[in-house]
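Novice: Just passing along the structure, written as structure tokens.
The values are calculated or read from the model by the stated rules, or taken from the named source; none is laboratory data. Just so you know, these numbers come straight off a predicted model, no measurement behind them. Neighbour counts are summed over all protein chains in view; Cβ atoms, including those assigned to glycine, are modelled from backbone coordinates with ideal geometry.
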Amino acid sequence: MDLWKALEKQEEVDIRDAGVTANLDDHLYMYHMPYSYTAEQIRKLRTAIFHLEGRKVPRVIMVTSALPSEGKSLISANLAISIARGEDQHVLLVECDIRKPSLHHLFKYPPSKGVVEILQGKASVADCLVKTPIEKLTILPAAREAPVNPSELLESKGMKSLIKELSGRYNDRYLIIDTSPIQATVDPKILASQVDAIIMVTRYRYTREADFKMALENLPRDKVIGTVLNAIDELPAKKYSYKKYQYNKYYS
Ligand SMILES: Nc1ncnc2c1ncn2[C@@H]1O[C@H](COP(=O)(O)OP(=O)(O)OP(=O)(O)O)[C@@H](O)[C@H]1O
Ligand SMILES: [Mg+2]
């Protein structure tokens, strides 16, 4: 069954009952605090994606970074909520960090089968989708258990056709792909060839310039549409250190 048609008629899809179970994580600013400064920065990111000079609006967007813990999953999740909040846009947040899934911590569902089990032929897409309380936002988790051959799976023909199937044929569907860090794995490099656009996350006072540059060298430059400077401490007083985002266009 065509995935998006199925989503439109959700009663026909075996969307997992064990979906989101509890309150979503506080870091989902777009959900909990849509009028906060941070949410506003995420909206800026969304707007920038929709108004890229001289190129079509990308529909398959990968979020990656050089190092672990720079905020890829958090940015992916908040960006996905922000796009889904638009009038007409449907979003599938696809977790491609298949070595270390984490979206279930943010959206509070149990570790669930997903990309890996689909590629292994053990599950169908419809079996794996997790419905969220946010209208028009669905998640495809990475895996219930980390596979022994993650890179091989992501490099397979099956992965290419999965992305093709998921992006579908309508132009109001967006795929936000959360990935692992570039320095730790080859996975983002593999996925980069299959996406329309790439957003790089860097973390304030954490990512070194050399790490960032090395990561960029592993990506197709023309697909990198911007960087997010994450977790800026805006206020000098540490006890009130709000963590914020800032979107910057990357100039090569
Ligand atoms: N802007 C922020 N404000 C507050 N906490 C943040 C922010 N960005 C990231 N964090 C925290 O830092 C940790 C790492 O964030 P996250 O999991 O999004 O990073 P990641 O790049 O996806 O990590 P990994 O490489 O392990 O996948 C999490 O505990 C998250 O809550
Ligand atoms: Mg992550």
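Novice: Check Arg85, Arg46 and return the single one that is in contact with a Gly (Cβ under 8 Å, 6 or more places away or on another chain) and without any contact (Cβ under 8 Å) to a residue 60 or more places away in the chain.
Specialist: That would be Arg46, the only listed residue that is in contact with a Gly (Cβ under 8 Å, 6 or more places away or on another chain) and without any contact (Cβ under 8 Å) to a residue 60 or more places away in the chain.
Novice: If a residue must be crowded, with 20+ Cβ neighbours inside 10 Å and of a type in the set (Gly, Ala, Ser), how many such residues does the range 203-230 contain?
Specialist: Within the range 203-230, residues that are crowded, with 20+ Cβ neighbours inside 10 Å and of a type in the set (Gly, Ala, Ser) number 1.
Novice: Something else about it: Residues that are within 16 Å of ligand 1 (Cβ to nearest atom) and under 23 Å from His104 (Cβ atoms): does the range 160-177 have at least one?
Specialist: yes
Novice: Residue by residue through the range 53-75, note down the ones that are surrounded by 19 or more Cβ atoms within 10 Å (Cβ to Cβ), within 15 Å of ligand 1 (Cβ to nearest atom) and more than 8 Å from the chain's Cα centre (by Cα).
Specialist: Scanning the range 53-75 gives Thr64, Ser65, Ala66, Leu67, Glu70, Gly71, Leu74.
Novice: It is to be established whether one or more residues within the range 230-240 are among the hydrophobic types (A, V, I, L, M, F, W, C), within 16 Å of ligand 1 (Cβ to nearest atom), modelled with pLDDT under 95 and touching a Gly at 6+ places or on another chain (Cβ under 7 Å).
Specialist: yes
Novice: Could you say which residue among Ile177, Ile139, Ile134, Ile118 is more than 16 Å from ligand 2 (Cβ to nearest atom), under 27 Å from Thr47 (Cα atoms) and hydrophobic (A, V, I, L, M, F, W, C)?
Specialist: Residue meeting the stated conditions: Ile134.
Novice: What are the residues in the range 58-98 that are under 20 Å from Asp211 (Cα atoms) and more than 10 Å from ligand 2 (Cβ to nearest atom), if any?
Specialist: Within the range 58-98, Met62, Ala66, Leu67 qualify.
Novice: Another question, then. Out of (1) closer than 19 Å to Val224 by Cβ; (2) within 16 Å of ligand 1 (Cβ to nearest atom), the odd one out for Ile81 is which?
Specialist: Unmet for Ile81, out of (1) closer than 19 Å to Val224 by Cβ; (2) within 16 Å of ligand 1 (Cβ to nearest atom): (1).
Novice: Since Asp88 meets every condition but one in (1) in a loop (DSSP other than H, G, I, E, B); (2) under 29 Å from Ser36 (Cα atoms); (3) of a type outside the set (Val, Ile, Thr); (4) modelled with pLDDT of 95 or more, which condition does it not meet?
Specialist: (4)
Novice: Determine the pairs where a residue that is more than 16 Å from Leu162 (Cα to Cα) and of a type in the set (A, V, I, L, M, F, W, C), located within the range 172-187, has a partner that is in a helix (DSSP H, G or I) and within 12 Å of ligand 2 (Cβ to nearest atom) with Cβ atoms under 9 Å apart, the partner being 6 or more residues away or on another chain.
Specialist: Within 9 Å, the pairs are Ile182/Pro188.
Novice: Is it the case that Leu153 is touching a residue at least 24 places away in the same chain (Cβ under 8 Å) and closer than 17 Å to Thr179 by Cα?
Specialist: Against the criterion (touching a residue at least 24 places away in the same chain (Cβ under 8 Å) and closer than 17 Å to Thr179 by Cα), Leu153 qualifies.
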